[in-house]
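Input: a single structure, listed below in structure tokens.
Read-outs: derived from the displayed coordinates by stated rules, not from any lab. These numbers come from a predicted model, not from an experiment. Here Cβ is always computed from backbone atoms with ideal geometry, including for glycine, and neighbour counts include all displayed protein chains.
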Amino acid sequence: MITHTNTAPWADTHFADICRSPLPRGLREQARGMSWDGFLAAFGHSAGPLRLGQWECTDVARPSSRLGPQVRNYQATLAVGDRITMSRASASGPIAALTAMLYERGIALEMLNFHQLQMGRDTVTFIRGTDGVGDQWAMAWAEDATQSALRAMVACANRLTTR
């Protein structure tokens, strides 16, 4: 979910003027000339059947003295429609873990493009994902880079299921 909802000061501002870094290719063309409100409506948090509640890596205290990638254990509260469940996955990182959790619930999401930009203290994540039938761009904004990425994945999955 995008935390910056007070759009009045930026209502007539183009997104490219707010985001000083170039948008990812593909998204840049679609966003050209869009207002901030228009950009948020098109690519930001979208209503849909999927919601992500609590998220955590359950073994953060594990020593990381080994070199190389290590599998971590993740846990999340996921809601799909009216059904709320606790999901668990072991993966090399949070994005891979959420992908596995979604797949277990019948939601296919393959990441085609992934971009993160710093905007002050916040991280903005842009992703383009596919369900094997179509593709959609989505974005999310959070102080924490992991939360920004997870929220963008949820937004993308919702955009794919409601198109």
(request) With 5 Å bins from zero, work out the P(r) of the range 23-163 over every alpha carbon pair and list the percent per bin. (result) 2, 10, 18, 22, 20, 14, 8, 4, 2, 0
(message) Skipping prolines and chain starts, which residues have an amide H placed within reach, meaning under 5 Å, of the one on Met34, given they are 5 or more residues away or on another chain?
(response) Phe15
(message) From the phi angles alone, apply the Karplus equation (6.51, -1.76, 1.60; θ = phi - 60°) to the range 146-163 and give each ³J(HN,Hα) in whole Hz, x where the residue is Gly or Pro.
(response) 5, 4, 4, 5, 5, 5, 5, 5, 5, 4, 5, 4, 5, 5, 5, 7, 10, 6
(request) Could you work out the local net charge near Ala152, counting Lys and Arg as +1, Asp and Glu as -1, over the other residues with Cβ closer than 11 Å to its Cβ? (result) +3
(request) Calculate one ³J(HN,Hα) per residue across the range 78-89 by plugging θ = phi - 60° into the Karplus curve 6.51 cos²θ - 1.76 cosθ + 1.60, and present them in order as whole Hz with x for glycine and proline. (result) 10, 10, 10, x, 8, 9, 10, 9, 8, 10, 9, 8
(request) Could you please report the charge total around Gly48, scoring K, R as +1 and D, E as -1 over all other residues with beta-carbon less than 11 angstrom from its beta-carbon? (result) +3
(request) May I ask you to derive the FRET efficiency for Thr58 and Arg163 from their Cβ-Cβ distance with R0 = 45 Å, giving the value to the nearest 0.05? (result) 0.85
(request) Quickly rank 97-106, 112-121 as a protection proxy: mean count of other C-beta atoms within 10 Å, highest first. (result) 97-106, 112-121
(message) Given a Förster distance of 25 Å, report the FRET efficiency between Phe114 and Asp82 from their Cβ-Cβ distance, rounded to the nearest 0.05.
(response) 0.25
